[in-house]
1. Pick from region 1-60 the residues that are under 14 Å from Tyr93 (Cβ atoms), of a type in the set (A, V, I, L, M, F, W, C) and surrounded by fewer than 19 Cβ atoms within 10 Å (Cβ to Cβ): which of them is nearest to the chain's Cα centre (by Cα)?
2. May I ask you to list pairs of residues, at least six apart or on different chains, whose Cβ atoms are under 9 Å apart, with the first in region 85-102 being among the polar types (S, T, N, Q) and the second being open to solvent by less than 10 Å² (accessible area, probe 1.4 Å)?
3. Is there a residue in region 61-81 that is of a type in the set (S, T, N, Q), assigned to a strand (DSSP E or B) and either loosely packed, with under 14 Cβ neighbours inside 10 Å or touching a Gly at 6+ places or on another chain (Cβ under 7 Å) (or both)?
Amino acid sequence: QVRLVESGGGLVQPGGSLRLSCAASGSISEIYAMGWYRQAPGKQRELVARITNGHTTNYADSVKGRFSISRDNAKNTVYLQMNSLKPEDTAVYYCRADLIPYAYWGQGTQVTVSS
């Protein structure tokens, strides 16, 4: 099993920045990729950014050039740096760890972009 704990959400004005963190514990060695997903009210959960063990990254088109995903293997932590935030980025952000054949989710952290 893997436990994921997210932090770093909050309220920010449009154009501002936030950094989300996701700390993993448990069967760390079995994780081959980690990602950030988000779910806005009334919408489906969607991929925001993902990073593999080989540090290959992919991003949703809506966040390219604004968000950056990174990982610190020594701390078993994945980060999502979010810059130039827009009101449409408002959502609950979830961390996910991909193993074979399971995936584990964190509890989510609220990000609200509003003036």
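The values are calculated or read from the model by the stated rules, or taken from the named source; none is laboratory data. Note that the structure is predicted; figures quoted are calculated from it, not measured. Don't worry about glycine lacking a Cβ; one is built from the backbone with ideal geometry, like all the others, and counts go over all protein chains shown. These area figures cover heavy atoms from the full protein model, side chains too; ligands, DNA and RNA do not enter into them. Shrake-Rupley method; radii C 1.70, N 1.55, O 1.52, S 1.80 Å.
1. Top of the filtered list is Leu47.
2. Close Cβ pairs (under 9 Å, with a partner that is open to solvent by less than 10 Å² (accessible area, probe 1.4 Å)) amount to Thr90/Val111; Thr90/Val113.
3. Among the residues of region 61-81, not one is of a type in the set (S, T, N, Q), assigned to a strand (DSSP E or B) and either loosely packed, with under 14 Cβ neighbours inside 10 Å or touching a Gly at 6+ places or on another chain (Cβ under 7 Å) (or both), which makes the answer no.
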